[in-house]
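> One structure, as structure tokens, below. Some questions next.
Read-outs: derived from the displayed coordinates by stated rules, not from any lab. Keep in mind the model is a prediction, meaning the values are calculated, not measured. Positions of Cβ are backbone-derived with ideal geometry, glycine not excepted, and every protein chain shown enters the neighbour counts.
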Amino acid sequence: MSLQPILDAGPAVEVHIASIAGAFTIGTWMMLRPKGTPPHRALGRIYLLLMIVAALSSFGIQSLNKGQFSFLHLLSIFVLLSVPYGWWNARRGNVIAHRSTMIGLYVGGLWVPGILTLLPGRLLHTAVFGS
């Protein structure tokens, strides 16, 4: 594993990967821990902020289609719509809608694109597997 491909890719990629690393760590912790506690609420706010940063920074990354947006940017739009919807449902006390939105955000905003970026020929594949 080498961070050099990520460091060579520029600030948009660096910000994107850093925000995703934080969101993935917090999101995984949140999935495993009790819900509705003060730490859940505090970390939830940080998680949502990191997801917004990740989604916005993705628009500065256009290497898949050589200077154009790709289908992965649709997931960023999904994240930008899901974050306020999930927060709003939590504030309203709609636990079922909040839970399903947050699970969808975690899977659709982190796991799906994460798996796709590990495919051969992608930057993260090169950083993790070396080729």
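> Running a GNM on the chain with Cα contacts under 10 Å, which residue among PRO34, PRO113, PRO84 ends up with the highest mean-square fluctuation?
Result: PRO34 has the largest fluctuation of those listed.
> Continuing with the same structure: As an exercise, identify the trypsin sites (Lys or Arg not before Pro) in region 1-56 lying in DSSP coil whose Cβ has no more than 14 other Cβ atoms within 10 Å.
LYS35
> Need one number: the % of Cα-Cα pairs in region 4-129 sitting beyond the 20 Å mark.
I get 42 percent for the Cα pairs in region 4-129 exceeding 20 Å.
> Another question about this same structure. If r is the Cβ-Cβ distance from ASP8 to MET31 and R0 is 35 Å, what FRET efficiency results, to the nearest 0.05?
Step by step, r from the Cβ atoms, then E = 0.60.
> Moving on. Given labels modelled 7 Å from the Cα in the Cβ direction, how far is it in nm from VAL107 to PHE59?
2.8 nm
> Quick one: among LEU80, LEU105, LEU43, which has the greatest mean-square fluctuation in a GNM of the chain with alpha-carbon springs under 10 angstrom?
Between LEU80, LEU105, LEU43, it is LEU43 that shows the largest mean-square fluctuation.
> Would you kindly state how much longer the chain becomes between MET1 and ALA18 on full extension, computed as 0.36 nm times their sequence separation minus their alpha carbon distance, in nm to one decimal?
4.5 nm
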